[in-house]
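One structure is given below, encoded as structure tokens.
The values are calculated or read from the model by the stated rules, or taken from the named source; none is laboratory data. Note that the structure is a prediction, hence the values are computed from the model and not measured. Here the Cβ positions follow ideal geometry from the backbone for every residue, glycine too, while neighbour counts run over all protein chains shown.
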């Protein structure tokens, strides 16, 4: 999933024109493309300084950072594999040093390696769990001491409706995303007393370049399920994340918000 | 502003969460209609909105009476020409054990207390949604936000309230399915224990125990519920329908 290179995304819509996140510093993993890119740019549009990681493609990540900087915020692209515990620690340290603090963590990076269970390889299983589930843990683990110490922080994890409902051919992905849901609830309980909001969003099928390149039958099947009759845009997902990172959502924690046009109702 | 030029009707807008919602909506640019049975509360809420430079129309009426509800919808359309948002907020509670042993006798929750709570909370939500949907269908645009509660998950002494608020969740999902084709989104906010008259009477000792179960260790503010109403009513939530959003400081996590 993450191997497909995106065309540059014109960022046509943004959330409220306000700057309600002014001065905040946000990490968005997997922020160089797709939904993560839209999240990073919507946070930037609302005044947050943003840091994103990339594994190989520095050019893509730098482009997002340039777009963010054109909105008057600071940006930082860090080479880091989300599956690496050490990389996560290093990235968080670099962000605090370069951007002066940390207030928001969006665990967005994710991959899929679909296969029915009777054909799934150990590598397919391990790779998806390492990125989607352990990667989320890695960044929460690296960030939690900072949030705990400062008595505030926002964590938003990106899961999937398939993590709620299960999906044919995605035992690894749904196990990881279901794990992220349970992780969200537990961390919400553990960090609640420190005034840290921990929530997740569960998107349905979203119109990313990756999905645009998917077989027509994937789209058709999804469209037959989505009651609003259309795929969502990355921006529509980003707006929900921005809301959860804002003070407007300060009494919301441990929640899984489905953003799917009614695909899973 | 989040709700620029939208026309929003908020039931139970005279007090508590409804009043906070009406005020926040006006500040976010919406033209607001508030309805309530409490005329005094309604007038005070309207004055507050006017003082905040908001546009407001206040209508006295019951959410359980079809003629009243139709009259309110007509008033919205007469005043503002359209209806974009409905916030089904009006609600009551009449807490009692279903059966209670006192002085060696078994006391029973009354039919009146069951029916009143079901009528206001569940039938009222159904009725206001039904009649508000008519102009929304014609506009091909509408956003409805219902109010459930953490009580929907079950709570001793709240059989009537819990049943009504769980009913609101089923209703929300069904209306979302029925009206998606008209571009009407239907969602639900489920507040936890919030600082209103409904929780003002909780004895100190009970309150302490309650706070201990809330990860954020405090009650919610009406404006925090209002902020969730505003988000779900806004076009920022354009891809969300049929959802229940708990705004409860985490108390429902793990329940």
Residue under evaluation residue B:213, criteria (1) surrounded by fewer than 23 Cβ atoms within 10 Å (Cβ to Cβ); (2) touching a helix residue (DSSP H, G or I) at 6+ places or on another chain (Cβ under 8 Å); (3) in contact (Cβ under 8 Å) with a residue 24 or more places away in the chain, criterion not met | (2)
Would you check if there is a residue in the range B:165-182 being assigned to a loop (DSSP other than H, G, I, E, B) and either at pLDDT 95 or above or closer than 20 Å to residue B:152 by Cα (or both)?
-> no
Hey, among B:17, B:34, B:10, B:87, which residue is touching a residue at least 24 places away in the same chain (Cβ under 8 Å), over 24 Å from residue B:166 (Cβ atoms) and surrounded by 24 or more Cβ atoms within 10 Å (Cβ to Cβ)?
-> B:34
Given the residues A:196, A:218, A:211, A:227, which is the only one that is touching a residue at least 12 places away in the same chain (Cβ under 8 Å), buried (at least 24 other Cβ atoms within 10 Å of the Cβ) and touching a helix residue (DSSP H, G or I) at 6+ places or on another chain (Cβ under 9 Å)?
-> A:196
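Scan the range B:167-175 and tell me whether some residue there is crowded, with 23+ Cβ neighbours inside 10 Å, at the interface with chain A (Cβ under 7 Å from one of its Cβ atoms) and touching a residue at least 40 places away in the same chain (Cβ under 8 Å).
Scanning the range B:167-175, I find no residue that is crowded, with 23+ Cβ neighbours inside 10 Å, at the interface with chain A (Cβ under 7 Å from one of its Cβ atoms) and touching a residue at least 40 places away in the same chain (Cβ under 8 Å), so the answer is no.
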Which one is modelled with the highest pLDDT among residues in the range B:141-164 that are assigned to a loop (DSSP other than H, G, I, E, B) and out of contact with any helix residue (DSSP H, G or I) (no Cβ under 6 Å at 6 or more places or on another chain)?
-> B:141
Residue A:206 over 30 Å from residue A:152 (Cα atoms) and in contact with a strand residue (DSSP E or B) (Cβ under 7 Å, 6 or more places away or on another chain) = yes
Out of all the residues in the range B:220-236, which are assigned to a loop (DSSP other than H, G, I, E, B) and either farther than 15 Å from residue B:249 by Cβ or more than 9 Å from every other protein chain (Cβ to nearest Cβ) (or both)?
-> B:234
Just one listed residue, out of A:182, A:144, is buried (at least 17 other Cβ atoms within 10 Å of the Cβ), on the phi < 0 side of the Ramachandran plot and assigned to a helix (DSSP H, G or I), and it is A:144
Read through the list (1) under 24 Å from residue A:264 (Cβ atoms); (2) free of Cβ contacts under 8 Å to residues at least 40 places away in the same chain; (3) surrounded by fewer than 19 Cβ atoms within 10 Å (Cβ to Cβ); (4) in contact with a helix residue (DSSP H, G or I) (Cβ under 8 Å, 6 or more places away or on another chain), then give the number of the only condition that residue B:202 fails.
-> (1)
Give the number of residues within the range A:230-259 that are outside any helix (DSSP H, G or I), surrounded by fewer than 21 Cβ atoms within 10 Å (Cβ to Cβ), more than 7 Å from chain B (Cβ to nearest Cβ) and more than 15 Å from the chain's Cα centre (by Cα).
-> 1
If we ask which residues in the range A:32-67 are closer than 16 Å to residue A:104 by Cα, more than 16 Å from the chain's Cα centre (by Cα) and part of a helix (DSSP H, G or I), their number turns out to be 1
